[in-house]
Amino acid sequence: MTPHGGHTEIEHLPVMQREVFDLLRCEPGGVYVDATVGLGGHSLGIMERIRPGGRLIGIDRDKESLDKAALRLAPCGPGLRLIHDNYKNLPLILNNLALPPVDGILLDLGVNSYQLLAAERGFSFQSDELLDMRMDRSQQWTAADLVNNLPETELADLIYRYGEERYSRRIAAAIVRERARAPITRCLQLAAVVSRAFRVRGHQSIHPATRTFQALRIAVNEELEGLEELLMEAFDFLKPAGRIVVISFHSLEDRIVKRTFRRLAGQCVCDAAPELCTCPRKARGRILTPRPLAPGEDEVQANPRARSARLRALERTEATGPEAGNGSVRPEQETWRS
């Protein structure tokens, strides 16, 4: 996704655009959902392909990013609705909008470049800003709250579970020692504590604090909680032959997406012996990406942040769709372009 650093606009580079548009099969007159609008790069491409007569519902939990996307997407004209909400509320949002079954749903689970490069957002271990990491800044708790208040064992478990960091206990102990002297409130301060605890000699491909910052970001934003349930429910809103495309940026997310798509395709997800398998094995969809797609070398060179992206897609094969619900979205959450 793409950033605005300070007052300087930075080029927007949505990840794997060609693959996204091809797999979504964006066509004029279709109804699509971009559940993670970010700065609007994918949404802009979808809108260009579904005119005339197409409709796009765009959702993002980050109000600041959504406001920037609204400016970017202003020329798109009718057919676009932007909603400030968490993508995990997608089933409720679509029910409230009383839409027909949709042609495609996109979820880009990465942090957008504005969040990473806007130092005041506190996502980067390279910024000397307050340790924040909230995608939705209306939520109460921040990364600093976790770092300064979690017991050592819980902090170590969090860093290991969400960061897959082998030195999690050593890092948690170092954090607890440091916060006993003074609260850890800034990104560079935490990065220095983690780096001192690392004690790994020789060349390192990533910064020592990378996995710890990832773990805290995932925990603060509850990125993995309810993801499988959301994917299962979102699938029900697809029309027959409709498609859902998911881009993930770390292995924990990708495993959840892979497992959920296999369930929907009627495949075993329990890893038991065939005679012991209890999976329902009812195929409701068809996996379009037996292996996740990765960005090409040219894209990674142009946009190094794309290097960890993995894309999976699933097509609905069932003949029936969900019934649209009744209700309405709160007006203050919406931004219309008509």
Under 22 Å from the Cα of Lys239, which lysines turn up, not counting those fewer than eight places away in the same chain? Lys88, Lys258, Lys282
Figure the gain on full extension for Arg291 and Gln267 (residue separation times 0.36 nm, minus the Cα-Cα span) and round it to one decimal in nm. 7.2 nm
Tally Lys/Arg at +1 and Asp/Glu at -1 over every other residue whose Cβ is under 12 Å from the Cβ of Pro91; what's the total? -3
Residue-span extension gain [Lys282 to Arg137] - 0.36 nm each, minus C-alpha spacing: 48.1 nm
At a Förster distance of 51 Å, what's the computed FRET efficiency of Glu228 paired with Arg181, Cβ-Cβ distance as r, to 0.05? 0.80
Which of the peptides 292-298, 275-281, 58-64 is most tightly packed, and how do the rest follow, going by the mean number of other Cβ atoms within 10 Å of each residue? 58-64, 292-298, 275-281
Please sort 39-47, 24-32 by packing, taking for each peptide the average over its residues of neighbouring beta carbons within 10 angstrom, highest first. 39-47, 24-32
So how far, in whole Å, is the C-alpha centre of the stretch 177-196 from the one of the stretch 271-292? 45
Projected label distance in nm at Glu27 and Asp128, using a 7 Å step from Cα toward the beta-carbon: 5.7
Quick check: pseudo-label points 7 Å beyond the Cα along Cα→Cβ at Arg51 and Ala241, how many nm apart are they? 2.5
With x for Gly and Pro, the residue-by-residue ³J(HN,Hα) of the stretch 61-67, computed from phi through the Karplus equation 6.51 cos²θ - 1.76 cosθ + 1.60 at θ = phi - 60° and given in whole Hz, is 7, 9, 4, 5, 5, 5, 5
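Each reported figure results from applying straightforward, stated rules to the coordinates on display, with no laboratory input. None of the values given here were measured: they were computed from a predicted structure. A quick note on method: Cβ atoms are made from the backbone with ideal geometry, for glycine too, and the neighbour counts reach across all protein chains shown.
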